[in-house]
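Right, one structure below, let's go through it.
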Amino acid sequence: MKKQLVAIAVISSVLFTNISYAAQINVVPERENTEELVGLSSGIILGAVVGGPIGAFIGGLTGSLIGKSVGDNSEIKTQQSLLSQQQYEINETSQKIAQMDQQQQSLVQMKSELARVQAHQQQTLTELSIGMNVQFKTGSSQIEPLFKQQLDNVAYMMASMPELNVDLMGFADRRGNDDYNQALSEQRLLEVTHYIVAQGIDKSRLQGQAYGASAPVHQTQNFENDFFDRRVTLTLIPESAQLAAN
């Protein structure tokens, strides 16, 4: 029993002396070996009590291995925590990339839809430019239902394209005197202007002038040609072109 106590005292003294010396020379290993030191010291003490110096050696070796195992498990848990954090960041990045892909697809669809709408507007504008005359019956300034649909299309285009203005010109055929024809052309111009404004278009975007019978479509006057002279002609003008002209 005395040998065992002496062995414990000697080994403990050596152990604590080594630990103190390591601390003084600032030895910093890559990973702290606290678990191994605790296991070593515990194993030495336990081995010395049970089996003397030989037991102390065997116990120290076993305790050191156990301490090392505990340290390895701690390091594994640390690495697993880092891996979990990295996986979380990867998942977040993947979600952001997926959202960017969806936004890119939406942008492509919006551009395609915009191109389709613009193409439709251009087609409608071309069609309106071909036949932009509102015809009238003899001595009348009343807009016929057939031409109201055409004026509705004009109002739609102006509402869709705020930069678009309209120039109107009123005419009359050559029957009647000049004063009467002038007044009739002015009244026709006024009726068309009021109709477009009634569809929600600002009057400032409409400009016009009446010319009476001074600008016939054909030089020869007859019943058929007079029909084409009783008209209000509409010309669509982009605001940029109007400013350039002024």
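The values are calculated or read from the model by the stated rules, or taken from the named source; none is laboratory data. Since this is a predicted model, take the numbers as computed values, not measurements. Positions of Cβ are backbone-derived with ideal geometry, glycine not excepted, and every protein chain shown enters the neighbour counts.
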- line: Residues of segment 151-190 being surrounded by fewer than 20 Cβ atoms within 10 Å (Cβ to Cβ) and of a type in the set (Gly, Ala, Ser), in sequence order, are Ala155, Ala159, Ser160, Gly176, Ala183
message: Taking the criterion of being part of a helix (DSSP H, G or I) and surrounded by 15 or more Cβ atoms within 10 Å (Cβ to Cβ), would at least one residue in segment 208-223 satisfy it?
response: no
message: Return the residues of segment 186-213 that are in contact (Cβ under 8 Å) with a residue 40 or more places away in the chain and either at positive phi or not aliphatic (A, V, I, L, M) (or both); say none if nothing qualifies.
response: Gln187, Arg188, Glu191, Tyr195, Gln199, Gly200, Arg205, Gln207, Gly208, Gln209, Tyr211, Gly212
statement: Of Val49, Val108, Val117, Val70, the only residue that is at pLDDT below 75, loosely packed, with under 13 Cβ neighbours inside 10 Å and farther than 30 Å from Ala210 by Cβ is Val117
- prompt: How many residues does segment 143-161 hold that are without any contact (Cβ under 8 Å) to a residue 24 or more places away in the chain and part of a loop (DSSP other than H, G, I, E, B)?
  reply: 1
field: Identity of the residue in segment 162-177, in a loop (DSSP other than H, G, I, E, B) and touching a Ser or Thr at 6+ places or on another chain (Cβ under 9 Å), that ends up modelled with the lowest pLDDT
entry: Glu163
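Residue-by-condition table, conditions (1) of a type in the set (Ser, Thr, Tyr); (2) closer than 15 Å to Met132 by Cα; (3) under 41 Å from the mean Cα position of the chain (by Cα):
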| residue | (1), (2), (3) |
| --- | --- |
| Asn153 | no, yes, yes |
| Glu163 | no, no, yes |
| Asp167 | no, yes, yes |
| Ser185 | yes, no, no |
| His194 | no, no, no |
| Ala198 | no, no, yes |
| Ile201 | no, no, yes |
- prompt: For Ala241, are the conditions met, namely being modelled with pLDDT of 90 or more and surrounded by fewer than 14 Cβ atoms within 10 Å (Cβ to Cβ)?
  reply: no
message: For segment 128-143, give me each residue that is surrounded by 13 or more Cβ atoms within 10 Å (Cβ to Cβ) and either at pLDDT 90 or above or more than 22 Å from Gly212 (Cα to Cα) (or both).
response: Leu128, Asn133, Val134, Gln135, Phe136, Thr138, Ser140, Ser141, Ile143
- prompt: With respect to Gln85, is the statement that it is more than 26 Å from the chain's Cα centre (by Cα), part of a helix (DSSP H, G or I), farther than 21 Å from Ala215 by Cβ and modelled with pLDDT under 85 true?
  reply: no
- request: Name the one entry in Ser185, Ser140, Ser204 that is over 28 Å from Leu114 (Cβ atoms) and outside any loop (DSSP other than H, G, I, E, B).
  value: Ser185
